[in-house]
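Chemist: Before we start, here is the structure in question, set down as C-alpha coordinates.
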Amino acid sequence: MSLVLIGILSVQFGAAVSKGLFGEIPPVGMVLLRLGTSSLILLALARPRLGGRTAADWRPVLALGVALGAMNWAFYESFARIPLGVAVAIEFIGPLVVAAVGRRRTRDLMWVGLAAVGIVLFGAGPTKVDALGFGLALLAGGCWALYIVSTAATGRRWAGVEGLAVASTVATLAIAPFAVATAGARLLEPRLLVLGALVGFLSSVIPYSLEMAALRTLPPRVFGILMSLEPATAALVAAVLLREWLTPLQLLAMACVTAASVGAARTRSARDPIPGD
(Lines give C-alpha, C1' and ligand atoms only; values in the text may rest on other atoms or scores of the structure.)
Protein backbone atom coordinates (compact mmCIF):
# COMPACT_ATOMS: atom_id res chain seq x y z
CA MET A 1 0.00 0.00 0.00
CA SER A 2 2.79 2.41 0.88
CA LEU A 3 4.41 1.78 -2.53
CA VAL A 4 1.26 2.97 -4.35
CA LEU A 5 0.93 6.04 -2.14
CA ILE A 6 4.58 6.95 -2.71
CA GLY A 7 4.05 6.50 -6.46
CA ILE A 8 1.01 8.80 -6.41
CA LEU A 9 2.93 11.44 -4.49
CA SER A 10 5.84 11.11 -6.91
CA VAL A 11 3.59 11.68 -9.95
CA GLN A 12 1.98 14.77 -8.50
CA PHE A 13 5.26 16.16 -7.16
CA GLY A 14 6.69 15.77 -10.66
CA ALA A 15 3.71 17.63 -12.12
CA ALA A 16 4.13 20.43 -9.59
CA VAL A 17 7.82 20.74 -10.45
CA SER A 18 6.86 20.93 -14.13
CA LYS A 19 4.32 23.66 -13.55
CA GLY A 20 6.88 25.70 -11.64
CA LEU A 21 9.09 25.64 -14.75
CA PHE A 22 6.47 26.66 -17.32
CA GLY A 23 7.75 30.23 -17.13
CA GLU A 24 11.08 28.98 -18.52
CA ILE A 25 9.97 26.21 -20.86
CA PRO A 26 6.54 25.63 -22.47
CA PRO A 27 4.49 22.58 -21.40
CA VAL A 28 5.21 20.66 -24.60
CA GLY A 29 8.94 21.10 -24.00
CA MET A 30 8.64 19.63 -20.52
CA VAL A 31 6.57 16.76 -21.93
CA LEU A 32 9.39 15.98 -24.37
CA LEU A 33 11.98 15.95 -21.58
CA ARG A 34 9.76 13.73 -19.44
CA LEU A 35 8.96 11.25 -22.21
CA GLY A 36 12.55 11.26 -23.48
CA THR A 37 13.87 10.33 -20.05
CA SER A 38 11.37 7.51 -19.51
CA SER A 39 11.91 6.21 -23.07
CA LEU A 40 15.67 5.91 -22.64
CA ILE A 41 15.30 4.06 -19.35
CA LEU A 42 12.58 1.73 -20.62
CA LEU A 43 14.51 0.92 -23.80
CA ALA A 44 17.60 0.09 -21.75
CA LEU A 45 15.61 -2.17 -19.45
CA ALA A 46 13.33 -3.87 -21.98
CA ARG A 47 15.56 -4.04 -25.07
CA PRO A 48 12.49 -4.77 -27.22
CA ARG A 49 12.71 -7.16 -30.14
CA LEU A 50 11.71 -5.22 -33.26
CA GLY A 51 12.62 -7.66 -36.03
CA GLY A 52 10.04 -10.06 -37.40
CA ARG A 53 7.08 -8.00 -36.22
CA THR A 54 3.87 -7.98 -38.26
CA ALA A 55 1.57 -5.05 -39.01
CA ALA A 56 -0.83 -6.49 -36.43
CA ASP A 57 1.93 -6.18 -33.82
CA TRP A 58 2.72 -2.58 -34.71
CA ARG A 59 -0.81 -1.18 -34.91
CA PRO A 60 -1.63 -1.30 -31.18
CA VAL A 61 1.79 -0.10 -30.05
CA LEU A 62 1.67 2.85 -32.46
CA ALA A 63 -1.81 3.72 -31.21
CA LEU A 64 -0.50 3.47 -27.65
CA GLY A 65 2.38 5.81 -28.49
CA VAL A 66 0.07 8.41 -30.04
CA ALA A 67 -2.31 8.14 -27.06
CA LEU A 68 0.56 8.49 -24.58
CA GLY A 69 2.01 11.54 -26.31
CA ALA A 70 -1.36 13.27 -26.76
CA MET A 71 -2.44 12.47 -23.20
CA ASN A 72 0.68 13.97 -21.66
CA TRP A 73 0.67 17.03 -23.93
CA ALA A 74 -3.01 17.79 -23.34
CA PHE A 75 -2.66 17.22 -19.60
CA TYR A 76 0.37 19.49 -19.23
CA GLU A 77 -1.26 22.21 -21.31
CA SER A 78 -4.39 21.91 -19.15
CA PHE A 79 -2.75 22.35 -15.75
CA ALA A 80 -0.70 25.20 -17.16
CA ARG A 81 -4.08 27.01 -17.30
CA ILE A 82 -6.12 25.52 -14.43
CA PRO A 83 -5.25 24.20 -10.95
CA LEU A 84 -3.41 20.88 -10.98
CA GLY A 85 -5.97 19.19 -8.74
CA VAL A 86 -8.82 20.25 -11.02
CA ALA A 87 -7.01 18.98 -14.12
CA VAL A 88 -6.33 15.57 -12.53
CA ALA A 89 -9.94 15.21 -11.39
CA ILE A 90 -11.36 16.09 -14.82
CA GLU A 91 -8.92 13.69 -16.52
CA PHE A 92 -10.29 10.81 -14.40
CA ILE A 93 -13.49 10.78 -16.47
CA GLY A 94 -11.55 8.82 -19.13
CA PRO A 95 -10.93 5.57 -17.21
CA LEU A 96 -14.37 5.81 -15.58
CA VAL A 97 -16.04 5.84 -18.99
CA VAL A 98 -13.93 2.87 -20.10
CA ALA A 99 -15.04 0.95 -17.01
CA ALA A 100 -18.71 1.73 -17.62
CA VAL A 101 -18.66 0.92 -21.34
CA GLY A 102 -16.91 -2.36 -20.63
CA ARG A 103 -19.65 -3.48 -18.24
CA ARG A 104 -22.82 -1.59 -19.17
CA ARG A 105 -24.42 -2.09 -15.76
CA THR A 106 -26.57 0.48 -14.02
CA ARG A 107 -24.21 0.82 -11.08
CA ASP A 108 -21.23 1.52 -13.35
CA LEU A 109 -23.22 4.17 -15.21
CA MET A 110 -24.17 5.67 -11.86
CA TRP A 111 -20.51 6.21 -10.99
CA VAL A 112 -19.90 7.89 -14.34
CA GLY A 113 -22.93 10.08 -13.67
CA LEU A 114 -21.53 11.11 -10.29
CA ALA A 115 -18.20 11.97 -11.92
CA ALA A 116 -20.08 13.98 -14.55
CA VAL A 117 -21.77 15.96 -11.76
CA GLY A 118 -18.33 16.75 -10.40
CA ILE A 119 -17.14 17.88 -13.84
CA VAL A 120 -20.17 20.19 -14.16
CA LEU A 121 -19.51 21.64 -10.71
CA PHE A 122 -15.98 22.57 -11.75
CA GLY A 123 -17.49 24.88 -14.36
CA ALA A 124 -20.05 26.37 -11.99
CA GLY A 125 -19.78 28.89 -9.20
CA PRO A 126 -18.20 32.32 -8.93
CA THR A 127 -14.67 31.05 -9.71
CA LYS A 128 -14.65 30.11 -13.37
CA VAL A 129 -12.25 27.52 -14.74
CA ASP A 130 -10.37 28.51 -17.91
CA ALA A 131 -12.39 27.01 -20.77
CA LEU A 132 -9.37 25.93 -22.80
CA GLY A 133 -7.73 24.32 -19.79
CA PHE A 134 -10.99 22.56 -18.96
CA GLY A 135 -11.32 21.26 -22.52
CA LEU A 136 -7.70 20.10 -22.61
CA ALA A 137 -8.20 18.16 -19.38
CA LEU A 138 -11.22 16.43 -20.93
CA LEU A 139 -9.11 15.68 -24.02
CA ALA A 140 -6.43 14.19 -21.77
CA GLY A 141 -9.12 12.01 -20.19
CA GLY A 142 -10.22 10.82 -23.63
CA CYS A 143 -6.61 10.01 -24.50
CA TRP A 144 -6.30 8.17 -21.19
CA ALA A 145 -9.25 6.00 -22.22
CA LEU A 146 -7.53 5.25 -25.55
CA TYR A 147 -4.31 4.55 -23.64
CA ILE A 148 -6.08 1.94 -21.49
CA VAL A 149 -7.59 0.16 -24.50
CA SER A 150 -4.30 0.30 -26.45
CA THR A 151 -2.30 -0.96 -23.48
CA ALA A 152 -4.44 -4.07 -23.30
CA ALA A 153 -4.07 -4.69 -27.04
CA THR A 154 -0.32 -4.06 -26.91
CA GLY A 155 0.15 -6.41 -23.96
CA ARG A 156 -1.25 -9.28 -26.00
CA ARG A 157 1.48 -8.90 -28.64
CA TRP A 158 4.51 -7.49 -26.80
CA ALA A 159 6.11 -9.22 -23.81
CA GLY A 160 6.71 -7.45 -20.51
CA VAL A 161 7.38 -3.75 -20.88
CA GLU A 162 8.62 -4.04 -24.48
CA GLY A 163 5.44 -2.48 -25.81
CA LEU A 164 5.54 0.37 -23.33
CA ALA A 165 9.18 1.08 -24.19
CA VAL A 166 8.38 1.25 -27.92
CA ALA A 167 5.20 3.27 -27.35
CA SER A 168 7.06 5.76 -25.15
CA THR A 169 9.64 6.18 -27.90
CA VAL A 170 6.90 6.72 -30.49
CA ALA A 171 5.33 9.35 -28.21
CA THR A 172 8.68 11.10 -27.79
CA LEU A 173 9.31 11.22 -31.54
CA ALA A 174 5.76 12.43 -32.24
CA ILE A 175 6.04 15.26 -29.69
CA ALA A 176 9.61 16.27 -30.61
CA PRO A 177 8.87 18.50 -33.66
CA PHE A 178 6.31 20.56 -31.73
CA ALA A 179 8.57 20.84 -28.69
CA VAL A 180 11.57 21.91 -30.78
CA ALA A 181 9.49 24.47 -32.68
CA THR A 182 8.13 25.92 -29.43
CA ALA A 183 10.98 25.60 -26.94
CA GLY A 184 13.96 25.67 -29.32
CA ALA A 185 17.40 25.93 -27.72
CA ARG A 186 15.93 25.91 -24.21
CA LEU A 187 15.63 22.14 -24.54
CA LEU A 188 19.44 21.96 -24.47
CA GLU A 189 19.98 24.12 -21.38
CA PRO A 190 21.77 21.90 -18.82
CA ARG A 191 19.63 23.04 -15.90
CA LEU A 192 16.36 22.34 -17.72
CA LEU A 193 17.69 19.02 -19.00
CA VAL A 194 18.44 17.95 -15.43
CA LEU A 195 15.06 19.13 -14.15
CA GLY A 196 13.30 17.48 -17.10
CA ALA A 197 15.07 14.23 -16.30
CA LEU A 198 13.98 14.63 -12.68
CA VAL A 199 10.38 15.06 -13.80
CA GLY A 200 10.73 11.96 -15.96
CA PHE A 201 11.89 9.96 -12.95
CA LEU A 202 9.22 11.38 -10.63
CA SER A 203 6.29 11.18 -13.05
CA SER A 204 7.07 8.00 -15.00
CA VAL A 205 9.92 5.78 -13.85
CA ILE A 206 9.39 5.79 -10.08
CA PRO A 207 5.57 5.44 -10.03
CA TYR A 208 5.52 2.79 -12.75
CA SER A 209 8.15 0.71 -10.94
CA LEU A 210 6.39 1.04 -7.58
CA GLU A 211 2.98 0.21 -9.04
CA MET A 212 4.35 -2.91 -10.74
CA ALA A 213 5.85 -4.04 -7.43
CA ALA A 214 2.66 -3.26 -5.50
CA LEU A 215 0.43 -5.16 -7.91
CA ARG A 216 2.28 -8.37 -7.08
CA THR A 217 0.80 -8.34 -3.57
CA LEU A 218 -2.09 -5.85 -3.45
CA PRO A 219 -5.65 -7.00 -4.26
CA PRO A 220 -7.02 -5.15 -7.32
CA ARG A 221 -9.77 -3.49 -5.27
CA VAL A 222 -7.23 -1.93 -2.90
CA PHE A 223 -5.02 -0.74 -5.78
CA GLY A 224 -7.99 0.82 -7.57
CA ILE A 225 -9.18 2.62 -4.47
CA LEU A 226 -5.70 3.94 -3.72
CA MET A 227 -5.33 5.25 -7.28
CA SER A 228 -8.61 7.10 -6.77
CA LEU A 229 -6.78 9.32 -4.30
CA GLU A 230 -4.83 10.99 -7.12
CA PRO A 231 -7.07 14.07 -7.50
CA ALA A 232 -6.98 14.79 -3.76
CA THR A 233 -3.22 14.19 -3.68
CA ALA A 234 -2.73 16.53 -6.63
CA ALA A 235 -4.76 19.23 -4.89
CA LEU A 236 -2.74 18.82 -1.68
CA VAL A 237 0.64 18.90 -3.46
CA ALA A 238 -0.42 21.91 -5.56
CA ALA A 239 -1.60 23.77 -2.46
CA VAL A 240 1.68 23.17 -0.62
CA LEU A 241 4.12 23.69 -3.50
CA LEU A 242 2.24 26.03 -5.86
CA ARG A 243 -0.16 27.80 -3.47
CA GLU A 244 -3.14 26.67 -5.56
CA TRP A 245 -6.05 26.75 -3.13
CA LEU A 246 -9.34 25.35 -4.40
CA THR A 247 -12.73 26.83 -3.60
CA PRO A 248 -15.28 24.88 -1.52
CA LEU A 249 -17.30 24.15 -4.67
CA GLN A 250 -14.22 22.83 -6.44
CA LEU A 251 -13.44 20.63 -3.44
CA LEU A 252 -17.01 19.29 -3.59
CA ALA A 253 -16.58 18.58 -7.30
CA MET A 254 -13.34 16.75 -6.59
CA ALA A 255 -15.06 14.73 -3.88
CA CYS A 256 -17.68 13.63 -6.43
CA VAL A 257 -15.03 12.46 -8.90
CA THR A 258 -13.04 10.69 -6.17
CA ALA A 259 -16.14 8.98 -4.79
CA ALA A 260 -17.09 7.85 -8.30
CA SER A 261 -13.61 6.43 -8.85
CA VAL A 262 -13.64 4.60 -5.52
CA GLY A 263 -17.13 3.26 -6.22
CA ALA A 264 -16.13 2.05 -9.68
CA ALA A 265 -13.05 0.32 -8.24
CA ARG A 266 -15.11 -1.43 -5.54
CA THR A 267 -17.83 -2.47 -7.99
CA ARG A 268 -15.29 -3.81 -10.45
CA SER A 269 -13.40 -5.79 -7.81
CA ALA A 270 -16.61 -7.27 -6.43
CA ARG A 271 -17.13 -9.06 -9.77
CA ASP A 272 -13.53 -9.70 -10.78
CA PRO A 273 -11.46 -12.50 -9.24
CA ILE A 274 -8.85 -11.38 -6.74
CA PRO A 275 -5.43 -13.06 -6.82
CA GLY A 276 -4.80 -15.10 -3.71
CA ASP A 277 -8.47 -15.23 -2.63
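The values are calculated or read from the model by the stated rules, or taken from the named source; none is laboratory data. Note that the structure is predicted; figures quoted are calculated from it, not measured. Heads up, the Cβs are rebuilt from the backbone with ideal geometry, glycines too, and the neighbour counts pull from every protein chain shown.
Chemist: Kindly indicate whether ALA56 is buried (at least 19 other Cβ atoms within 10 Å of the Cβ), at pLDDT below 90 and in a helix (DSSP H, G or I).
Modeler: Answer is no for this residue.
Chemist: If I filter the stretch 27-46 for residues that are in a loop (DSSP other than H, G, I, E, B) and either surrounded by fewer than 16 Cβ atoms within 10 Å (Cβ to Cβ) or touching a residue at least 60 places away in the same chain (Cβ under 8 Å) (or both), do I get at least one hit?
Modeler: no
Chemist: Which residue, of ALA179, ALA140, is surrounded by 15 or more Cβ atoms within 10 Å (Cβ to Cβ), under 21 Å from PHE92 (Cβ atoms) and among the small types (Gly, Ala, Ser)?
Modeler: Within the list ALA179, ALA140, the selection yields ALA140.
Chemist: Looking at (1) assigned to a helix (DSSP H, G or I); (2) more than 24 Å from GLU162 (Cβ to Cβ), which is the only condition PHE22 fails?
Modeler: (1)
Chemist: All but one of (1) under 19 Å from ALA140 (Cα atoms); (2) in contact with a Lys or Arg (Cβ under 8 Å, 6 or more places away or on another chain); (3) in a loop (DSSP other than H, G, I, E, B); (4) among the aliphatic types (A, V, I, L, M) hold for ILE82; state the number of the condition that does not hold.
Modeler: ILE82 satisfies all of (1) under 19 Å from ALA140 (Cα atoms); (2) in contact with a Lys or Arg (Cβ under 8 Å, 6 or more places away or on another chain); (3) in a loop (DSSP other than H, G, I, E, B); (4) among the aliphatic types (A, V, I, L, M) except (2).
Chemist: Quick one: what pairs do we get from the stretch 223-247, first residue over 13 Å from PHE13 (Cα atoms), second surrounded by fewer than 19 Cβ atoms within 10 Å (Cβ to Cβ) and basic (Lys, Arg), C-beta under 7 Å, 6+ apart or different chains?
Modeler: The qualifying pairs are GLY224/ARG268; ILE225/ARG266.
Chemist: In addition: Any idea which of GLU162, GLU230 is under 20 Å from ALA16 (Cα atoms) and surrounded by 18 or more Cβ atoms within 10 Å (Cβ to Cβ)?
Modeler: GLU230
Chemist: Scan the stretch 94-128 for residues that are modelled with pLDDT under 80 and in contact with a Cys (Cβ under 8 Å, 6 or more places away or on another chain) and report the count.
Modeler: 0
Chemist: Out of the stretch 133-173, which residues are modelled with pLDDT under 90 and among the β-branched types (Val, Ile, Thr)?
Modeler: Matches in the stretch 133-173: ILE148, VAL149, THR151, THR154, VAL161.
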